[in-house]
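A.B. asks: Before we start, here is the structure in question, set down as structure tokens.
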Amino acid sequence: MAPGAQFAAKRLGKELTKISKGLPAGIVLVQGDNFEEWLLDIQVLDSNPLYMGQTYRLKFKFGSSYPIEPPEVVFVKLPDRPIPIHPHIYSNGIICLDLLGQQGWSPVQNVESVCMSLQSMLTGNTKNERPPGDEEFVRGNRLRPKDIDFYYHDNNV
Amino acid sequence: MDSDDDFMSAVSSEDDILPDDSDNDDLSGAEDFDFDDEPDPDLGMSKDIGRKRVAYDISFKVYQPADIEKQQDDLINEVNMILNISKEEAAILLRHFRWNKERLIEDYMDAPPQVLEAAGLAQESASLPRLEVQPGFVCDICCEEGPGLASFAIKCGHRYCVDCYRHYLSQKIKEEGEAARIQCPSDGCDLIVDARSLDLLVTPELKERYHELLNRTYVEDKDTLKWCPAPDCQNAIECGVKKKDLDKVVPTVSCLCAHRFCFGCILSDHQPAPCELVKKWLKKCADDSETANWISANTKECPKCNSTIEKNGGCNHMTCRKCKHEFCWMCMGLWSEHGTSWYSCNRFEEKSGTEARDAQAKSRVSLERYLHYYNRYANHEQSARLDKDIYTKTEKKMVQLQKESGMSWIEVQYLNSASQALQTCRQTLMWTYAFAFYLARNNLTEIFEDNQKDLEMAVEGLSEMFEKPVTELADPKLKVEIMDKTSYCNKRRIILLDDTAQNLADGRWTFNVELTGSAPASGGPSNRR
């Protein structure tokens, strides 16, 4: 374990305890056996035609300063787990959400609240499209999500 | 020579002509520097008629860290007294208003609650924030609870354990370099953590960093202040030049650390070229557009399939490797039309080749023109880079001279002045070539080119004298010559800069590129929020 990771581990341990007592509908912990990387599945529960009947896989990566620092959260593509279509989600799974950036993050957020935010971000969306410049971004980007300077231009979607 | 270094670095090569900046009183009213949009017609250039002023000279003032802190403290104290709020709150309000005291007071008088809220301050100033142990407290960040868990909250009442608060603040300060706008850790709470609360929580080391960062925001928030970009220099410079005037003036300032830079773009002094041209020039030199030009000048494209071909042998009979098209390298025409004129293309203006040649000739001329200016620019740049060597050589020479000729330290200072003059003049010359590259010909360009030539010849002359062996340098006759040449170089530089700056201010130059330096005026704080 990296030095200083004690802090993150303690908090994640507490989160696990809470999760074991139950998660909101549509959120399932797939893998959480260490304090560095967790996998979760989320579903959109209402009848939004864009996402109905689909399950999406999320990967959480925690730094040693979590929850002071936001976790890195991306969608992962698997044969039965597509990347949801959304104007703020790139086709490589990278999510543009102010909540996950240094400015918008608050240490009172947790894995569960992030999943719920993503659920509602999908629920509220009606646009069947990728972010502008998706193709170019996906081809050219070599940065980790946290190092990308997203411009949160539109908080309505 | 350690003790001498300080003295020598303070000797400016132009101290004989520039007015002393330290008693420059144009900016004495710096605090109430007006932010209005009105153009300052004379840019502070010609206010003192009595004193000799050259067109490129602008007013500025250097502040050391202590001055900067004092300015902030003065403003904070003033607001603290006038509005009857704590100093911490006054500081937060001032930062919110980008240190525009007048606007802060005016707005605050109108509607205190709104102003406080917008700046991230709570209205209720009931009790001072302090560490507390509250029964039944659970920290929302680490989810710890238990008796004796000390917690902290700023005025919003969002309470977290001391460890988490500390961790949070150190993350913000250390990792994110944030200071003036650290908000409460709670989601969606905009309240700003004030300096006193911070001092209560963090280690002395972090505290120091925090106040350093706060100082930074003072300089960064004010349009009239900029940090000296020299490594390890902590001074800031105040200058009233506005962004929209950068196509009219090249605001070179010089710090107490002797670094001379442009207040407009923070790059090293680039007089006489305006910032926008400098930006274009550096981009042109850096990017591949010239590689592309080289390719088009030194290679040809197969007239049939457009593959790029560089001729590497003597034969003019080209067969494209890709499409097997056969053509003549000289006239780009079909080889089959050549008949028996092998190896020497003597055909003139046959139709098939004319177009290909025209395009190439154009790009060749453009490349040649660029290279003409670039070579001269790069040559002076290289010489400027060697300045450090020259300087150390000079020092050695001066010591040697003192030993060999029995001259005193002060008597050999002329070599230092000569070295300084060489450096400054070369830097100016370097930029005259970038300037000239973008200059469209008119009546004035000839005068400019004459000035450029005169300065260049003077500099080369001085440079040559400067390289002489020490034995000759001691010759009193040469000493006088060097001194004369030094002051002549400086004078030529002044003349050139004066002329270019005057014409720039009057808008008499025409450039062969768009000079978009007059970007939308920043317009002062009123438009900013």
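The values are calculated or read from the model by the stated rules, or taken from the named source; none is laboratory data. Computed from a prediction, not measured in an experiment: that's the story for all the values here. Positions of Cβ are backbone-derived with ideal geometry, glycine not excepted, and every protein chain shown enters the neighbour counts.
A.B. asks: For the stretch B:97-183, which fully contained helices (runs of 4 or more DSSP H) count at least 2 residues that are free of Cβ contacts under 8 Å to residues at least 60 places away in the same chain and closer than 27 Å to A:L12 by Cβ?
C.D. replies: Of the helices (runs of 4 or more DSSP H) lying wholly inside the stretch B:97-183, those with at least 2 residues that are free of Cβ contacts under 8 Å to residues at least 60 places away in the same chain and closer than 27 Å to A:L12 by Cβ span B:162-170.
A.B. asks: Whether any residue in the stretch B:166-175 is buried (at least 17 other Cβ atoms within 10 Å of the Cβ) and farther than 23 Å from A:G101 by Cβ is what I want to check.
C.D. replies: No, the stretch B:166-175 contains no residue that is buried (at least 17 other Cβ atoms within 10 Å of the Cβ) and farther than 23 Å from A:G101 by Cβ.
A.B. asks: Oh, and also: Inspect the stretch A:61-68 for any residue being under 10 Å from the mean Cα position of the chain (by Cα), surrounded by 15 or more Cβ atoms within 10 Å (Cβ to Cβ), away from every other protein chain (no Cβ under 14 Å) and modelled with pLDDT of 90 or more and give the result as yes or no.
C.D. replies: Yes.
A.B. asks: In the stretch A:38-56, is there at least one residue being farther than 30 Å from A:G124 by Cβ, modelled with pLDDT of 90 or more and either within 14 Å of chain B (Cβ to nearest Cβ) or part of a loop (DSSP other than H, G, I, E, B) (or both)?
C.D. replies: Checked against the condition, which is being farther than 30 Å from A:G124 by Cβ, modelled with pLDDT of 90 or more and either within 14 Å of chain B (Cβ to nearest Cβ) or part of a loop (DSSP other than H, G, I, E, B) (or both), the stretch A:38-56 yields no hits at all.
A.B. asks: Which helices (runs of 4 or more DSSP H) does the stretch B:406-504 wholly contain that include 1 or more residues that are under 30 Å from B:I58 (Cβ atoms)?
C.D. replies: Answer list for the stretch B:406-504: B:413-438, B:443-466.
A.B. asks: Which count do you get for residues in the stretch A:74-106 that are in contact with a strand residue (DSSP E or B) (Cβ under 8 Å, 6 or more places away or on another chain) and under 24 Å from B:Y165 (Cα atoms)?
C.D. replies: Looking only at that region, the number is 1.
A.B. asks: Within the stretch A:93-108, track down each residue that is in contact with a Ser or Thr (Cβ under 8 Å, 6 or more places away or on another chain) and facing chain B (nearest Cβ under 9 Å).
C.D. replies: Answer for the stretch A:93-108, where residues must be in contact with a Ser or Thr (Cβ under 8 Å, 6 or more places away or on another chain) and facing chain B (nearest Cβ under 9 Å): A:L99, A:S106, A:V108.
A.B. asks: Scan the stretch B:425-443 and give yes if some residue there is crowded, with 16+ Cβ neighbours inside 10 Å, at pLDDT below 90 and among the β-branched types (V, I, T), otherwise no.
C.D. replies: no
This table checks each residue for (1) more than 10 Å from chain A (Cβ to nearest Cβ); (2) over 42 Å from the mean Cα position of the chain (by Cα); (3) within 22 Å of B:L213 (Cβ to Cβ).
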| residue | (1), (2), (3) |
| --- | --- |
| B:K101 | yes, no, yes |
| B:M109 | yes, no, no |
| B:P112 | yes, no, no |
| B:A119 | yes, no, yes |
| B:D140 | no, yes, no |
| B:F152 | yes, yes, yes |
| B:Q171 | no, no, yes |
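A.B. asks: Could you list, in sequence order, the residues of the stretch B:52-94 that are at pLDDT 90 or above and of a type outside the set (A, V, I, L, M, F, W, C)?
C.D. replies: Residues satisfying the conditions are B:K61, B:Y63, B:Q64, B:D67, B:K70, B:Q71, B:Q72, B:D73, B:D74, B:N77, B:E78, B:N80.
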